[in-house]
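The values are calculated or read from the model by the stated rules, or taken from the named source; none is laboratory data. Being a predicted model, the structure only gives us computed values, none of them experimental. Using ideal geometry, Cβ is built from the backbone for each residue, glycine included, and neighbour counts are taken over all protein chains shown.
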Amino acid sequence: MDRTEYAFKLRPGRIDDADTVGKIIFEAFSAIADEHGFQREFPTVDTGRGLASSFLSNPGFYSVVAEGTSGENKDRLVGSNFLDERSNIVVGVGPITVDPKYQNKGTGRQLMIDVLERAKIKNYPAVRLLQASYHNRSLALYASLGFEVREPISTLQGKPIREVIPGRSVRPATESDVGSCNAICKAVHGHDRNGELRDSIKQGSAEVVLHGDKITGYTCGLTYFNHSVGLTNDDLKALISSATDYYGGPGILIPTRNTQLFRWCLNNGLRLVQQLTLMTIGLYNEPAGFYMPSILY
């Protein structure tokens with residue numbers, strides 16, 4: 001298919017797009033992972049559809065889809081992108097996907113430009129994403145659009161680490177913990193992730209770690225789409241050790257340059273699945289503590 005044979009328009013995503021968008025998410029990620037011999041990030045069509053439905057129904061996410069406008073492609077959905085707007089400072093991009101039959105024809109670039117324009121119009125100070133390091137085309141696209149490389153992130157998977165961390169205890173997070181958790185996130189990153197935190201508390205996935213009776217870290221869930229923050233590595237270790245599995249996606253995400261935590265995970269049986277690259281536009285503070293990102297940022 002030549003570029004001249006394919007025209008599309010962008011429009012806001014709708015909840016009734018979920019089945020098609022989810023199928024494209026599954027097929028696009030599967031194609032690139034299979035091409036490079038890596039584990040699929042979305043193992044089934046249903047996982048892609050579940051994610052699409054979750055994002056399209058959440059008012060904290062902006063969505064855009066690409067739709068064919070002529071010939072046999074008229075009204076056919078061929079791609080999508082999302083922007084996590086649950087913070088008023090940092091927004092996270094993704095997942096961006098294009099139907100494999102329509103890739104390398106400019107659709108992905110336009111989907112990225114759309115969310116970047118959205119961030120600009122809404123005056124968000126920072127835009128971030130994580131990119132699969134083996135996918136050279138996406139790295140080149142994001143760099144050409146102004147993203148800067150910040151650090152490598154390791155995806156780790158394996159049997160849960162059931163280690164007791166002296167002086168640390170973990171319990172489910174409650175609404176009354178939000179202030180303490182936000183303060184920790186601000187101390188580490190310079191901003192909070194209040195929207196995500198409140199969503200995860202409602203969903204029952206959030207936990208806090210205590211040193212004595214003081215909250216010293218939290219997680220929105222030990223999964224691919226959740227983040228964690230701690231004042232020390234022991235706080236993150238306690239949170240990781242509290243999880244019964246790491247199967248909410250390909251695994252948990254660890255900043256590779258946090259050598260102590262990375263080595264502890266490896267020494268406790270977790271294996272390296274793939275490397276990701278954290279990329280940013282706009283405001284970025286070097287973390288002043290310890291953290292684990294989500295796949296969005």
(message) If I filter region 107-149 down to residues being in a loop (DSSP other than H, G, I, E, B) and touching a helix residue (DSSP H, G or I) at 6+ places or on another chain (Cβ under 7 Å), which single residue comes out as surrounded by the fewest Cβ atoms within 10 Å (Cβ to Cβ)?
(response) 145
(request) Only residues that are within 20 Å of the chain's Cα centre (by Cα) and of a type in the set (Asp, Glu): list them for region 146-184, please. (result) 148, 151
(message) So, in region 238-258, exactly how many residues are closer than 30 Å to residue 125 by Cβ and modelled with pLDDT of 95 or more?
(response) 8
(request) Give, as residue ranges, the strands (runs of 3 or more DSSP E) completely inside region 1-89 that count at least 1 residues that are out of contact with any Pro (no Cβ under 6 Å at 6 or more places or on another chain) and at pLDDT below 95. (result) 8-12, 61-68
(request) Check off (1) under 23 Å from residue 33 (Cα atoms); (2) surrounded by fewer than 17 Cβ atoms within 10 Å (Cβ to Cβ); (3) touching a helix residue (DSSP H, G or I) at 6+ places or on another chain (Cβ under 6 Å) for residue 152 and give me the number that stays unchecked. (result) (3)
(request) Please give the number of the condition residue 289 fails out of (1) buried (at least 22 other Cβ atoms within 10 Å of the Cβ); (2) touching a residue at least 40 places away in the same chain (Cβ under 8 Å). (result) (1)
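Collect the residues in region 150-167 that are within 22 Å of residue 231 (Cβ to Cβ) and either assigned to a helix (DSSP H, G or I) or β-branched (Val, Ile, Thr) (or both), keeping them in residue-number order.
153, 161, 164, 165
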(request) Specify which of the listed residues (178, 170, 188) is farther than 19 Å from residue 262 by Cβ, assigned to a helix (DSSP H, G or I), β-branched (Val, Ile, Thr) and assigned by TED's automatic domain parsing to the domain that holds residue 288. (result) 178
